[in-house]
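Worksheet for the structure shown next.
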Amino acid sequence: MRRETLCIHGGWQPKNGESRQLPIIQSTTFKYDDTEEMAMLFDLKKSGYFYSRLANPTNDAVAAKIAALEGGIGAVLTSSGQAANYFAIFNICEAGGHVVASTEIYGGTFNLLNITMRKQGIEVTFVNPDASEEELAKAFRPNTKLMFGETISNPAGNVLDIEKFARVAHAHGVPLMVDNTFATPINCRPFEWGCDIVTHSTTKYMDGHATQVGGAVVDSGNFDWEANAEKFPGLCMPDESYHGLTYTKAFGKMGYLTKLIAQLMRDLGSIPAPQNSFLLNLGLETLHLRMAQHCKNAQAIAEFLEKDERVAWVNYCGLKNNKYYELAQKYLPNGSCGVISFGLKGDRATAVKFMDALQLISIVTHVADAKTCVLHPASHTHRQLSDEQLKQAGIAPDLIRLSVGIEAVEDLIKDIQQALERI
C-alpha cells in the first residue's frame, strides 16, 4: 500500500465482525487460564499481552501503522517524544558510552544528551551537521555507540544530509539515528537514505491536533548488531535478567525493539495510555492531507516574509535561494514541513512586540499542529541554553519560529501583516 492508504488502513485490519475503528483496550492487565502460558510470556518465549506497562494492543496497532509508514520492521510507542529519544539511545548506549550528535537539534534533546545522560555516564560530542565527512569522523571514539540528527532541525528548519551522516556512522560501525518529527514519513523516509533507527514526537504532525503527547521509535532492521557485537553488549551478550537470553540471537532483526520493550519499558515504564494512541491514530488518518496543506501555506508565507522590508532574514528550505534548497529537493521533494524560522530587523524586543501583536496566530509552547502558532525559542523553549550554545544549535537570538497551520493562508498573511505594521 502507498503511504496515503497506510495512513488509513495501516496497523489495524479488523476481521469479520470486529470493530471497524481501532478499539481502545483500556485495561492494565490481561487474563489467562493457564499458569504456564503466562510464565512463557514473562520469559519472552511466547508473544502476547499481560501488563500494559510493557505492551498494549491499541498501542501496538498504532505502532505498526507508523512502522509501515516509515518502511521499518517494527515500532514502539512511548509516552512522549523525549521518552522516545531517551529509550532509543539508552537501549544501546550505557554508562561509559559515547554519542556523536548534530548541534542543530531540539533544545530538549540537546539537554537530554548534554546534561541528563552525562550524569548517567554517557558522553556526547556535538558536531556541525554541515561539516565535511572528514571533520565529522574526528568526533568518533572507540566507545562511540551511535550518531544522531534531525531530518529538519527544530527550530531552525535546517535539512540534514542523511546519506553523509549514514556513511560516517557506518564507517565507524555504529547506527545512524534520525528524529523525523518535522518531515514525517509522508515527506521523508530516512531509512531509504541509510538511516537505521527513526524517532518521532508523535505529539506534533502525526497527531496534528494537539490532543495527546507521545513518541515512537522505529527500527529499519538493517543494522547488523552482531557484526559489531563488542560495541553493543546489551544486545549481543546474555541478559541475566532474562535467564541469559541474548536478544540478537533469540529475536534476530527484532532484537533491538524486543530489548527496548522487555528491558526498558519493564524498568522505566514510559508507555502511552491507549486513549492517547487512539487519538494519535485519528491524526494519522489525515496526515497525508494535512502535510500537503502545511507545506503549501508555509511556502506562501515564507515568500511573503522574504519580500517584506521589515524582515531581516527567512529560513525555509522551500525558498530557491535557501542554503538547504538542494538538500531539500533531494530528501524532501514533495515538501518539508510547515515550520518557518525568521528574524525581524531590530532586537529581541522587536520580536516580542511583533508576537504580542498577532491576533489569529497564537503564542504557545507547541509546534506542528493544525493551528498556526509562534514562539521565540531564545526566550521560551531554548532559554536554558547559553548564547554560545544557541549559536551552536543554529538559533539566532532574534529567531522567531512560526509553525504554519492549515487555515486559509490569506487570513494568516493578513494577521502577520498587521502585526508587522505595529512594530
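Among residues of segment 116-136 that are on the phi > 0 side of the Ramachandran plot, those with a beta-carbon under 6 Å from a residue that is hydrophobic (A, V, I, L, M, F, W, C) and exposed (fewer than 12 other Cβ atoms within 10 Å of the Cβ) at least six positions away or on a different chain give the pairs G121/A95. Scanning segment 129-148 for residues that are crowded, with 21+ Cβ neighbours inside 10 Å and among the small types (G, A, S) yields a total of 0. Criterion applied to D60, D34, D43 was being of a type outside the set (A, V, I, L, M) and modelled with pLDDT of 95 or more, and the one residue passing it is D60. If you go through segment 266-280 and pick out every residue that is among the aliphatic types (A, V, I, L, M) and touching a Phe, Trp or Tyr at 6+ places or on another chain (Cβ under 8 Å), you end up with 1. Among the candidates V124, V168, V100, the residue that is in contact with a Ser or Thr (Cβ under 6 Å, 6 or more places away or on another chain) and not aromatic (F, W, Y) is uniquely V100. Which residue is surrounded by the fewest Cβ atoms within 10 Å (Cβ to Cβ), if the candidates are limited to segment 348-382 and must be touching a residue at least 60 places away in the same chain (Cβ under 8 Å) and among the small types (G, A, S)? Result: A357.
Residue by residue through segment 1-58, note down the ones that are part of a strand (DSSP E or B) and surrounded by fewer than 17 Cβ atoms within 10 Å (Cβ to Cβ).
The one that is part of a strand (DSSP E or B) and surrounded by fewer than 17 Cβ atoms within 10 Å (Cβ to Cβ): T29.
Selection of segment 205-253 for residues being of a type in the set (D, E, K, R), surrounded by 24 or more Cβ atoms within 10 Å (Cβ to Cβ) and outside any strand (DSSP E or B) yields only D207.
Considering the conditions (1) within 24 Å of the chain's Cα centre (by Cα); (2) of a type outside the set (A, V, I, L, M, F, W, C); (3) more than 25 Å from F165 (Cα to Cα), S336 is excluded by exactly one of them, (3). When S403 is evaluated against the numbered criteria (1) open to solvent by 10 Å² or more (accessible area, probe 1.4 Å); (2) at pLDDT 95 or above; (3) touching a Cys at 6+ places or on another chain (Cβ under 7 Å), which criterion, by number, is the only one it fails? Result: S403 passes all but (1).
E326 meets the conditions (1) under 27 Å from the mean Cα position of the chain (by Cα); (2) of a type outside the set (V, I, T); (3) open to solvent by less than 80 Å² (accessible area, probe 1.4 Å); (4) modelled with pLDDT of 95 or more in every case but one. The failed one is (3).
If you check M147, M117 for being in a helix (DSSP H, G or I) and touching a Phe, Trp or Tyr at 6+ places or on another chain (Cβ under 8 Å), only one passes: M117. Residues in segment 149-172 that are over 24 Å from Y325 (Cβ atoms) and open to solvent by less than 10 Å² (accessible area, probe 1.4 Å): A169 alone.
The values are calculated or read from the model by the stated rules, or taken from the named source; none is laboratory data. Because the structure is predicted, anything quoted here is derived from the model rather than measured. No Cβ is skipped: glycine too gets one built from the backbone with ideal geometry, and neighbour counts run over all protein chains shown. Just the protein is used for accessible areas: all its heavy atoms, side chains included, with ligands, DNA and RNA removed. Shrake-Rupley method; radii C 1.70, N 1.55, O 1.52, S 1.80 Å.
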